[in-house]
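Worksheet: the structure to be examined is printed underneath.
No value in this document is a laboratory result; all are computed from the given coordinates. Given the structure is predicted, the values throughout are model-derived calculations rather than measurements. No Cβ is skipped: glycine too gets one built from the backbone with ideal geometry, and neighbour counts run over all protein chains shown.
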Amino acid sequence: MAAASGADYVIDAKRDRLVIFASTLGTVFEWYDFFIYGTLAGIIGKTFFPLGSDTAQFLAALASFGVGFGVRPIGAILFGYLGDRLGRKYTFLVTIAVMGLATAAVGLVPSYASIGVAAPVVLVALRVLQGLALGGEYGGAAIYVAEHAPRGKRGFYTSFIQAGVVGGFLLSVTVVLVSELFVDKAQWAAWGWRIPFLFSILLLAVSLWVRLKLKESPVFQAMKEAGELARNPLTESFATRGNVKLVLVALFGIAAGLTVIWYTAQFQAMYFLQNALRMEDTPARAIIGVAAMFSLFWFILFGWLSDKVGRKKPIAIGYALTIALMFPLFHWMASAANPELSAAMSRSPVVVTGSDCRYDPFAKVQATACGRVLDALSKKGIAYSTRVGAPGAPPAVTIGGAPVDAADPAALDAALGAAGYKLGKTVPTLPQALQVILAIVLIGMCSGMTFGPVAALLVELFPARIRYTSMSIPYHIGTGYFGGFLPFISQYIVARTGDPFAGLWYTIAVVAMALVVTLLWLPETAGRELE
């Protein structure tokens, strides 16, 4: 072991490598457990939420996905308290155990067809356990690494924790793709989709084995020996105006903004390929997985760079680039992934004219004739716009200006086909796939700019005695509510408007808010000494 003493830090290369490896590995596994649900949202909707409509089933699965995020702040409060009172190490040992067991249990829950309404109830309860555990995991891992890092390398060291989040998503996509190779489509729909959930037992065992080798954080150990632990970390986190301001800045300026960019690059992009662009599920997942693999580089790069130029600058630039590039990049994806469909939407837009075009994505039967037309188009994944018609007049559909009999499904399908709309699923060519991957990697760059420096920033932002609680609460409220419900909100916007790009406005609005808060109120923290 090579060790050298510095003014405020003892460098131990072997220990630091173990700290980074164990914390990052646990983060990869824990986020794998969480993301596997989102990756398989389509089949989960059919298995546990048989609502009679593919759109409604998909949205119900995404809503239950969001439930896990919704309870993360509670997990942040619970495990933040334990982390500030009992220690960093033992707290994130508990979180990963709860996460792994809850995920494996999802793979054992009987379907709705077997036990009725109890199936989605049990599923949502397990999502709650996952969310509680994840609420304590990130803060523990980030603090543990940062409190071991040299002052000038905190951004670089903690960037591996950030990259671990990407790694978890990448692992979830990889395990799904590999699992699909060993079962046919019928077996996959019946029981094969459970394999990735049960695989988490193995991941849990490996992660616990590695983390048990760790010792307590030196900063926490010093506080404990000095008798300086917080009596009530939750109360102390909100005891002063200054700390409350920092909590709000971390929530609205950091957690909310970086999370919606990350989920847009992964989940929204995947659903965009699968639903709006009619791409087969397997190539869509493979494209997202390859793009995520290349995007890992950005998180490490900008974490390292934040040690040189500060935390605030790359985050603000990343937000600005996201606002400028998000729509152009998604339009590029559309023209590359399914050029025929993209050309048809531009050349022959579908317009529905009616006096009452209310559309409820969750309804089994739409209340109005115009709503039923919109439902038919939505189920086909066809983009449309609506116009107000004369009162009492039947709904009218035009495709590229040519009228179509909306009441005749066969005539509608024929007209769409003649206009160039491909209703079947498609597989992109290699050049097309490479263009889509590049577009997602560029979104990943914006995500890396905002996500890479953040673990170090949040640790530096708050005092040691209340650090676990103070950083975990805003982080998990921001990521839980602004980010966790992004798949549901964005896809609901798409379903209601008929515009496959409309869901991006949610991302743009949240990022714009985060940019303003960051520029006006976020202090620079790089180089601060951790007491």
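Would you calculate a helix-derived [θ] at 222 nm for the chain, using -39,500 (n - 2.57) for each DSSP H run of n ≥ 4 and dividing by the full residue count, to the nearest 500? Helix contribution divided over all residues of the chain: -21500 deg cm²/dmol. Here the spin labels are modelled as points 7 Å beyond Cα on the Cα-Cβ line, and at Ser355 and Lys213 they lie 7.4 nm apart.
Just checking my list (i) 34; (ii) 21; (iii) 59 against percent of Cα pairs over 42 Å apart computed from this structure; which label fits? Matching entry in (i) 34; (ii) 21; (iii) 59: (ii). Taking the range 334-362 and a reference point 7 angstrom along Cα→Cβ of Ser385, the backbone N atoms nearer than 20 Å belong to 334-335, 341-359.
Cβ crowding within 10 Å ranks Ser355, Ser335 as Ser355, Ser335, fewest other Cβ atoms first. To the nearest ten degrees, helix 54-70 and the longest principal axis of the Cα atoms of the chain are 10 degrees apart.
Taking other C-beta atoms within 10 angstrom as a stand-in for reagent exposure, Asp375, Asp408 fall in the order Asp408, Asp375, fewest first. A straight Cα-to-Cα reach below 17 Å connects Lys308 with the lysines Lys153, residues fewer than 8 places away in its own chain not being considered.
Computing FRET efficiency as 1/(1 + (r/R0)^6) for Val516 and Val309, where r is the C-beta to C-beta distance and R0 is 30 Å, gives about 0.90.
Applying the criteria of a DSSP loop state and at most 13 other Cβ atoms within 10 Å to the trypsin sites (Lys or Arg not before Pro) of the range 193-250 yields Lys213, Lys215, Arg231. Report, in degrees rounded to the nearest 10, the 0 to 90 angle that the Cα long axis of helix 281-309 makes with the longest principal axis of the chain. So the helix axis and the longest Cα principal axis differ by about 40 degrees. Sorted ascending by nearby beta carbons within 10 Å, beginning with the fewest, Val404, Val511 become Val404, Val511. Our coupling estimate for the range 226-232, obtained by passing each phi through the Karplus curve with A = 6.51, B = -1.76, C = 1.60 and θ = phi - 60°, is 8, x, 10, 5, 5, 6, 9 Hz, Gly and Pro reported as x.
Excluding same-chain neighbours fewer than eight residues apart, the lysines reachable from Lys422 by a Cα-Cα span under 16 Å are Lys379, Lys380. Its alpha carbons considered, the range 34-193 gives a radius of gyration followed by a Dmax of 17.8, 57 Å. Run the Debye formula on the Cα coordinates of the range 345-418, all scatterers equal and no solvent, and tell me log10 I(q)/I(0) at q = 0.17 1/Å. So the normalised log intensities work out to -0.57. Here each label is just a point 7 Å from Cα along the line to Cβ, and for Phe362 and Ala118 those points are 2.5 nm apart. In the chain, the longest principal axis of the Cα atoms and the axis of helix 312-337 are about 30 degrees apart. The H on the amide N of Thr426, modeled in the peptide plane, is under 5 Å from the matching H of Met279, Glu280, each at least 5 residues off or on a different chain.
Computed from phi, the 3J(HN,Hα) profile of the range 494-505 under the Karplus parametrisation 6.51, -1.76, 1.60 (θ = phi - 60°) reads 4, 5, 6, 9, x, 9, x, 9, 5, x, 5, 5 Hz, with x in place of Gly and Pro. How many angstrom separate the Cα center of the range 244-303 from the Cα center of the range 129-185? With the range 244-303 and the range 129-185 each reduced to a Cα centre, they are spaced 13 Å. Straight-line cross-link reach from Lys215 at under 14 Å between alpha-carbon atoms covers these aspartates and glutamates, not counting any fewer than eight positions away in the same chain: Asp12, Asp16, Glu147.
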